[in-house]
Amino acid sequence: MNIIFDCDPGHDDAIALLLLGSNKKFNVLGVTTESGNQTIEKTTRNAINVISYLNLPYKVYKGESKPLYRDAVICDKIHGESGLDGFEFPKYTMKEEKEDAVSFIINAVKSSKEKVTIVTTGPMTNVGKALMVDPSIKSNIEKIVLMGGSIGAGNVTPAAEFNINCDAEAANVCFISGIPIYMMGLDVTRKVLVTDEIVNRISKINNKASEMFSKLMRVFIDNQKKVFHLDGAPLHDPVTIAYLIDPSVVEMKYVNTEIDCAKSSSYGRTNCDIPGYLGKKPNSYVAVEINIEKYFNIIEEAIKSYNFL
Ligand code: RIB
Ligand code: CA
């Protein structure tokens, strides 16, 4: 499976990268970054650090520093000053490629011999812009699997989830493109809370990957408790990769989803018409349930696969 992984590391993005690198079914064409959890400089450095630390053979392409039509926002309350607070990476010499993310996405999709699956775990700016610059790439994109949106309430406004709220226009380009959309929203990601118990379970694996997981998650948990008063940290982004590893980990409904781009308090809302009220053509598979035990077993097995490090 040819994959482009687009992210804004970010604690949960880092674990999604770890999951991606653990499975040989994925042929990763490249990793692209954008601003979101932190500035583009920091998310790009973080992606390079995680890839280098896990010894993954991935190239990194620096993406958009801000949403299509809005100013960049960051989420330092959750992810900290570095965007990956809690773990000290060695000083790596690896640099991002000269080609920017949007150009890479267009060229990689066009030259791929098989259709490409695009996974996004941050704002959808890079992918949305690539589709605007060269709509013809649609024909060689298998699907877009995203962490983002919510059937129910948001997590940055009552209406909207962070990734979509950062750049609703870019998300809208993707959702109306006709490319099959697989949306892993807050409805399922809020159910997979990393707790101290999970961290202790993973720590017992006692390899480099479990050390990174544990140290990052302890900070992620603390910050989520401070900001959202949760009992743990929702491990949002890895749900995308867990789905690709074992689709039975989530239950999905094929519905029409519209992105609210109006300048209102509902900006960035994903209106998932689960009951089919509007009778509009479905355009997205939306996750409505997740098997929590299966999910954390996938995470645990992935971390064990790094015993070679
Ligand atoms: O709303 C959760 C999403 O926003 C996750 O992707 C997290 O990393 C942040 O980007
Ligand atoms: Ca993210």
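Report the percentage of all Cα-Cα pairs in region 176-233 whose separation exceeds 19 Å, rounded to a whole percent.
That tail contains 44 percent of the Cα-Cα pairs.
Taking the inverse of the average 1/r across all pairs of different Cα atoms in region 191-269, what Kirkwood radius in Å do you get?
15.1
Highest first, please rank the peptides 43-54, 8-19 by the mean number of other Cβ atoms sitting within 10 Å of their residues.
8-19, 43-54
On average over all directions, what projected area in square nanometres does the chain have, based on the convex hull of its Cα atoms?
14.4
What net charge do the residues around residue 281 carry, taking every other residue with its C-beta under 12 Å from that of residue 281, with Lys and Arg at +1 and Asp and Glu at -1?
Net charge in that neighbourhood comes out at -1.
Relative to the compact-globule scaling 2.2 N^0.38 Å, provide the ratio for the alpha-carbon radius of gyration of region 67-217.
Ratio of Rg to 2.2 N^0.38 Å for region 67-217: 1.20.
What FRET efficiency, computed as 1/(1 + (r/R0)^6) with R0 = 41 Å and r the Cβ-Cβ distance, is obtained for residue 138 and residue 301, rounded to the nearest 0.05?
0.75
For the chain, set up a GNM with springs between Cα atoms under 10 Å and report which of 169, 99, 197 has the largest fluctuation.
197
Length gain on complete extension for the stretch residue 309 to residue 197, per 0.36 nm per residue less the alpha carbon to alpha carbon distance?
Here the answer is 37.9 nm.
So what is the 222 nm mean residue ellipticity for the chain from helices alone, if each DSSP H run of at least 4 adds -39500 (n - 2.57) and you divide by all residues, rounding to the nearest 500 deg cm²/dmol?
Using -39500 (n - 2.57) per qualifying helix, the result is -11000 deg cm²/dmol.
Viscosity 1.306 mPa s, temperature 10 °C: Stokes-Einstein D of region 238-309 from its Kirkwood Cα radius, in µm² per second?
So the translational diffusion coefficient is about 109 µm²/s.
Report for the chain the percent antiparallel among DSSP-assigned beta bridges with both residues inside it, nearest 5.
Antiparallel bridges make up about 30 percent of those DSSP assigns within the chain.
Give me D for region 114-203 in µm² s⁻¹, whole number, from Stokes-Einstein with Rh from the Kirkwood sum over alpha-carbon pairs, 4 °C and 1.567 mPa s.
91
Using the eigenvalues of the Cα gyration tensor, what equivalent ellipsoid semi-axes result for region 99-157 when each is taken as the square root of five times the eigenvalue, whole Å, largest first?
Semi-axes, largest first: 25, 13, 9 Å.
When only alpha-carbon atoms are used, what values of Rg and Dmax, in angstrom, describe region 165-309?
17.5, 52
Ordered by packing density, taken as the mean number of other Cβ atoms within 10 Å over each peptide's residues, highest first, how do 31-39, 291-299 rank?
Result, highest mean first: 31-39, 291-299.
Please report the Cα spread of region 1-114 along all three principal axes, rounded to whole Å, starting with the longest.
If we take the Cα atoms of region 1-114, the spans are 42, 34, 23 Å.
Every read-out reported here was derived from the displayed coordinates using simple, explicitly stated rules and does not represent laboratory data. All figures in this text were calculated on a predicted structure; none of them were measured in a lab. Every residue, glycine as well, gets a Cβ built from its backbone with ideal geometry; the counts of neighbours run over all protein chains shown.
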